[in-house]
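Data first, discussion second: the structure below is written as structure tokens.
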Amino acid sequence: MKILRGVSRQMCTSRPEVRVRFAPSPTGFLHLGGLRTALYNFLFSRQRRGVFILRLEDTDQKRLVPGAAEHIEDMLEWAGIPPDESSRRGGDYGPYVQSERLHLYTEAASSLLNTGHAYYCFCSNQRLELLKKEAQRSGHAPRYDNRCRRLQPQQVEQKLAAGVPAVVRFKLHTGTEEFQDLVFGWTGHAVGAVEGDPVILKADGYPTYHLASVVDDHHMRISHVLRGCEWLISSAKHLQLYRALRWTPPTYAHLPLLLNRDGSKLSKRQGDIFLQSFRDRGVLPETLLDLVTHAGSGFSDNRMGRRLDELIRDFNISKITTHSALLDLDKLEEFSRLHLQRRIEDPQQCVWLCEELKQMVKHTHSSEISAAAVLEPEYIERVLQLRKGHISSLQDLLSSTHSYLWVRPRVSQTQLQSESAHAKDIATAVMQMVLAGGSLVSMERLSSELKQISSRTNSTHSSVMKVLRLLLSAQQRGPSVAEMMLSLGEQEVCVRLQKALEL
């Protein structure tokens, strides 16, 4: 009944509804390669007011990772590209988990058996392994020899009746299967001439990818399949399956691989390519979306800094090239600085950032916090506005370099005297300047007035800066002294300078 509703909806519109799917296997957690595939599907659907579906292909039961299915959807939601239909969100074409759709694959396999497009194969694993080794010894690619194609119906019935384990194989024809791919153009592969008949239904009743993807794409009314180019040759098998089942195939677009900058494969064994790893490090989701699209093609220009609405607007599937996309993670920090700055400059986003940073500071520094004022929104926003363009994540502000923002430094008289014999004179002069008012209104004004302190204290400008940096942060490097003072504010600057005078 649900499928019929989908048919009716298509017939009532002037053009078929665009429906795309991201269909990962929950044998691992979502990484950058998967994010890119999901994103391109999302962009394509949003441009055409279509539907983006998350389907979990869990037919390889032995390799399933506990929690991976839920985690994949969690990460899509975090990235800002949630599915319209999924196991969690529901929809008219569920279930959205393949292990809950086994009856559909059995029905399709039975149909193919009845029409002579498929057959039972009783070859043992030992025989298949011998075929593989023999092919390798002779320098050929391993392939099944289609032996069970030649079994007579009576032989098949006898083996089934005897309980001999069997799989179902699809009969490939040897001709070239041509189709037009939205990325690779007209392409064709004579898979039947170089490969043996593929298994489509395993002995345990679970389908292989070839049958499951075709059956699901048909019943879920998928109009376009955007997937990795590693499936390009397999599309020839899938088109033969569509024809044998008398179904209309979707339009295909095979995306080039996402590789490391040196051209090596983006491996799941690289822990830093998983989305959770980036999230834990404070990387913003829009940073990753921008990074993975910037690495490849699909846009008229290759500028950085696009947000999701701009990615949707600018995406052009005809601009995707066939060569691999190279991911340069060394640029992550640059992308992160840009997107964090954009959030800081957005009033509403900045409010959320201030609250998030407040909780992070409380958790990190706890009882060491110098004063309640450093947790006030006005103070935190001032820090963010001054540090934007310099930091790549909020976590940067929790580093030792920025601890002075939240915790008053401890400076000894010995440290102070070793820095300058005029240290207390410098502290007095600067405090008088601050209390006079008007100096902490801008970076330029403050920098100009600080330059005058050296002449009043018989010190070099460099010495003045070193003393102030020590008194304000107890560090030798970090933001400029002027920025430190503007961040801390008049009252806190005076408190820290007064402590020096009391040593």
* Could you tell me which numbered condition residue 216 fails, if it satisfies all but one of (1) outside any helix (DSSP H, G or I); (2) touching a residue at least 60 places away in the same chain (Cβ under 8 Å)? => (1)
* Structure fact -> Of the candidates 192, 205, 196, the one satisfying the condition of being modelled with pLDDT under 95 and either in contact with an Asp or Glu (Cβ under 8 Å, 6 or more places away or on another chain) or surrounded by 19 or more Cβ atoms within 10 Å (Cβ to Cβ) (or both) is 192
* Asked: Out of the residues in the range 216-242 that are among the charged types (D, E, K, R) and at pLDDT 95 or above, which is farthest from residue 199 (Cα to Cα)?
  -> 221
* Asked: On the given criteria, is residue 441 surrounded by 14 or more Cβ atoms within 10 Å (Cβ to Cβ), closer than 24 Å to residue 385 by Cα and not polar (S, T, N, Q)?
  -> no
* To do: Output yes when any residue across the range 278-293 is farther than 28 Å from residue 68 by Cα, surrounded by 15 or more Cβ atoms within 10 Å (Cβ to Cβ) and without any contact (Cβ under 8 Å) to a residue 60 or more places away in the chain, and no when none is.
  => no
* Answer yes or no: is there a residue in the range 124-138 that is in contact (Cβ under 8 Å) with a residue 40 or more places away in the chain and either closer than 21 Å to residue 108 by Cβ or among the hydrophobic types (A, V, I, L, M, F, W, C) (or both). => no
* To do: Take the range 370-392 and flag every residue that is of a type in the set (Gly, Ala, Ser) and in contact (Cβ under 8 Å) with a residue 12 or more places away in the chain.
  => 370, 371, 373, 389, 392
* Asked: Can residue 227 be described as within 24 Å of the chain's Cα centre (by Cα) and either hydrophobic (A, V, I, L, M, F, W, C) or outside the structural domain of residue 290 (by TED's automatic domain parsing) (or both)?
  -> yes
* To do: Sort out which residues of the range 241-277 are of a type in the set (Gly, Ala, Ser) and either closer than 30 Å to residue 168 by Cβ or surrounded by 16 or more Cβ atoms within 10 Å (Cβ to Cβ) (or both), and write them in order of number.
  => 244, 253
* Take the residues of the range 374-400 that are part of a loop (DSSP other than H, G, I, E, B) and of a type in the set (S, T, N, Q): which is modelled with the lowest pLDDT? -> 399
* To do: Provide a single number: the residues in the range 314-323 that are surrounded by fewer than 17 Cβ atoms within 10 Å (Cβ to Cβ) and outside any helix (DSSP H, G or I).
  => 4
* Could you say whether any residue in the range 338-349 is assigned to a helix (DSSP H, G or I), surrounded by fewer than 17 Cβ atoms within 10 Å (Cβ to Cβ) and among the β-branched types (Val, Ile, Thr)? -> no
* Assess whether residue 81 counts as being buried (at least 17 other Cβ atoms within 10 Å of the Cβ), over 28 Å from residue 242 (Cβ atoms) and not aromatic (Phe, Trp, Tyr). => yes
* Structure fact -> For the range 254-277, pairs from a residue that is more than 22 Å from residue 80 (Cα to Cα) and modelled with pLDDT of 90 or more to a residue that is of a type in the set (Ser, Thr, Tyr) and in a loop (DSSP other than H, G, I, E, B), with Cβ under 7 Å and 6 or more apart or across chains, are 256/321; 256/322; 256/324; 257/324; 259/324
* Among the candidates 421, 429, residue that is more than 26 Å from residue 357 (Cβ to Cβ) and either at pLDDT 90 or above or in contact with a Gly (Cβ under 8 Å, 6 or more places away or on another chain) (or both) -> 429
* Asked: On the given criteria, is residue 297 touching a residue at least 40 places away in the same chain (Cβ under 8 Å) and of a type in the set (S, T, N, Q)?
  -> yes
* To do: Taking the options 483, 449, name whichever one is of a type in the set (D, E, K, R) and modelled with pLDDT under 95.
  => 449
* Structure fact -> When the range 172-201 is checked residue by residue, the ones that are in contact (Cβ under 8 Å) with a residue 40 or more places away in the chain and of a type in the set (D, E, K, R) are 177, 181, 195, 197
* Asked: In this structure, is residue 214 in contact with a Phe, Trp or Tyr (Cβ under 7 Å, 6 or more places away or on another chain) and either aliphatic (A, V, I, L, M) or surrounded by fewer than 19 Cβ atoms within 10 Å (Cβ to Cβ) (or both)?
  -> yes
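The values are calculated or read from the model by the stated rules, or taken from the named source; none is laboratory data. Since this is a predicted model, take the numbers as computed values, not measurements. All Cβ positions, glycine included, derive from the backbone under ideal geometry; neighbour counts span all protein chains shown.
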